[in-house]
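J.: First the structure, then my questions, so here it is.
Please treat every number below as a calculation from the coordinates, not as lab data. Note that the coordinates shown come from a computational prediction; the quantities given were computed from them, not determined experimentally.
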C-alpha cells in the first residue's frame, strides 16, 4: 500500500541486537566529575574557547588519544542555537593537513565543504561557519575522505550541541563522547568516555537527566547500558522521535550515531548502580552511577517524558512518485567490501544517482556480505521503512547499521540542492569508508 503518513509504534529496529561484551573490564578509578562527589558538582567536559578549536598532537600515553582538539585530550563541546550561525577558526598544529566536517548537520545549503571539506595545511588556520537547521546532538571531526578517518581514529572529534530556541528547563544534562585510545604496537585499544578511560557519574535519586550520547569512532558499534535504570529515547541522529522506553537501559549506536535519552535515576541514596560501555565483538568498560547520599530530588516519579519540540523537517513522505533504487554492499573477488560496485575510498567522478529537489528517494540497501557495515547519508535524515514499504519507524536516522545478509529500506526527501556523500564503513575494519555521492538538482 502506498502511504503518506503512517508511522509505527515498534521499538527502534535500526539498531543491532544488544551487545554481549567479553570479560575484559577496566576499573574506573577517576570520575568524570570536576570535584568531589560531596560537592554536588555535575559531570564535566571541555567547553571550547569561543571561536577557536585547535588540532594538536598529544604526548604518547596508554590512556588517551594521540590527537585531540584539547590540550588535555577531552573533546571540547561546541554549542549554538538552532538557526543561528556558529563561526569557528580551526588552528592546525598537526604535522599534516586536516579538515573539518559537521557530522549529521543539515545546513542551509550544501556548499563545497559538504562534499569535500577544504584542507587546512599544517601550521595554518582557516575559518568555518555553519547555520544548523535542526536542534539536536551532532559531531564535528575531520572529513571522511583522505586522512580524515585515520585522524578520527587517533582522537580528533567532538560534540556539537544545537539548542532549541526554548530548551527544557530544570533537567541536568550529561554529555558523553565515546571514543577509544589510539592504536599502539601490541596493545589493544581502551574505551574512552569524554577522553578518559573511566566511567563514573553522579546524580540524585528521582532526578531526571538529559543524556546526550555520541559514538565518535569511525568504525565501531558501541553500546551504553544502565540496566537497572529507566531510559527513554527522545532523539536519534539529531532528530526528535516518539519517546520510547529502552529495553534494559541499552543504547546501541553505529559509527557517528547520536542519541538523546531522558534518564530517570533510581536507587537508594549513597548506593552505586552499574553502567557500562562495550564495543561489538571487542572491549568493554565498566563504570558506575553514584546515587548521592542526600534526599531524593522529588517524592514522586515524574510522568513519562514528553516529545522534544520538532525540527523543521517533513514528517510524512509521499511514495506515489518516489524515485526507487538499489544499493548493494558486496564482497569482491579479493575479499574486500565493494559499495555500489566500487571498492575505492575516493569519490567517483560521477554521481551514483541524481534526484529532483522536493522528490522522495527510496533506497533498498542490500548487505550481501558476512560483515556488519554502517552506511551514512549526508545532509538528508531518512525514515527506516517497514518491510512492505507501507510505513516507517517512528524516528529519523542518518546512519543505517546493516547486519550481515540483510536488506534495509530507507526513504528521504531530497530537499537541499548540492552534492552529498554516502559512505560505507565495515565495522571493526580499518577506518577507510567507501564513498559514493548523489546530487540534488
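J.: So what is the relative contact order for the chain, in percent, with contacts set as C-alpha pairs under 8 Å and at least six apart?
T.: Rounded, it is 18 percent for the chain.
J.: Have a look at 193, 375, 345 and tell me which one the Gaussian network model of the chain (Cα, springs below 10 Å) gives the largest fluctuation.
T.: Ranking 193, 375, 345 by mean-square fluctuation puts 345 first.
J.: Over the alpha-carbon set of the stretch 335-391, work out the extent along each principal axis and list the three values in angstrom, largest first.
T.: Here the Cα extents, ordered largest to smallest, are 36, 29, 16 Å.
J.: Quickly estimate the mean residue ellipticity at 222 nm for the chain, helices only: each DSSP H run with n ≥ 4 gives -39500 (n - 2.57), and the total goes over all residues, rounded to 500.
T.: Helices in the chain give a 222 nm mean residue ellipticity of -500 deg cm²/dmol.
J.: A further question follows. Using just the Cα positions, wrap the stretch 37-291 in a convex hull and report its mean projected area in square nanometres, one decimal place.
T.: If I average the Cα hull's projected area over directions, I get 13.8 nm².
J.: Please report the antiparallel percentage of DSSP beta bridges with both residues in the chain, rounded to the nearest 5.
T.: About 75 percent, rounded to the nearest 5.
J.: Using alpha-carbon positions, what is the distance between the centroids of the stretch 372-441 and the stretch 230-281, in Å?
T.: 22
J.: Which residue fluctuates the most in the chain, going by a Gaussian network model with Cα springs under 10 Å, if the choices are 339, 396, 353?
T.: So, out of 339, 396, 353, the one fluctuating most is 353.
J.: Which percentage, to the nearest 5, of the DSSP beta bridges contained in the stretch 323-440 is antiparallel?
T.: Of the beta bridges lying entirely in the stretch 323-440, close to 75 percent run antiparallel.
J.: Kindly work out what percent of the DSSP beta bridges joining two residues of the stretch 133-241 are antiparallel, to the nearest 5.
T.: Approximately 65 percent, going by the DSSP bridge assignments.
J.: Tell me, in nm to one decimal, what length is gained between residue 271 and residue 301 on full extension, where the rule is 0.36 nm per residue of separation less the Cα-Cα distance?
T.: Stretched out fully, the residue 271 to residue 301 stretch lengthens by 8.9 nm.
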